[in-house]
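Worksheet: the structure to be examined is printed underneath.
What follows draws every value from the coordinates through simple rules; no lab data is involved. None of the values given here were measured: they were computed from a predicted structure. Every residue, glycine as well, gets a Cβ built from its backbone with ideal geometry; the counts of neighbours run over all protein chains shown.
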């Protein structure tokens, strides 16, 4: 779920950065690379997510993400996403 949270954060980052908030877009999570879980996270921990764009061009984007509890790095990953219009998404099936 930590990686999923980072992926959701990256979608918000792209939409806000490109000012696409009013556009009707679909973001597909494509894959995970180099995921590392460094420490356990337990209920009640405040998970802080840090996501940066590694590459972004056209429809394909790559991100790096870190999850922290306080000063401790608890997880990190690289992951990709594809951003499409609903029509493009429907055409891909």
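Tabulated data for the structure shown
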item	result
Rg(Cα)/(2.2 N^0.38 Å) for the chain, N = residue count	1.16
Computed label-point distance, nm, for sites residue 84 and residue 37 using a 7 Å Cα→Cβ extension	3.0 nm
GNM top mover of 46, 75, 35 - the chain, alpha-carbon springs below 10 Å	46
Relative contact order of the chain, defined on C-alpha pairs under 8 angstrom at six or more residues apart (%)	34 percent
Length gained when the stretch residue 26-residue 5 is fully extended (0.36 nm per residue, less Cα-Cα span)	5.9 nm
Most mobile of 71, 48, 16 in a GNM of the chain (Cα contacts under 10 Å)	71
Solution diffusion estimate, µm²/s, Stokes-Einstein, the stretch 39-88, Kirkwood Rh from C-alpha pairs, 10 °C, viscosity 1.306 mPa s	126 µm²/s
Acute angle (nearest 10 degrees) that the helix 2-17 long axis makes with the longest principal axis of the chain, alpha-carbon atoms	50 degrees
For a label point 7 Å along the Cα-to-beta-carbon line of residue 53, residues of the stretch 65-93 with backbone N under 20 Å	65-66, 77-86
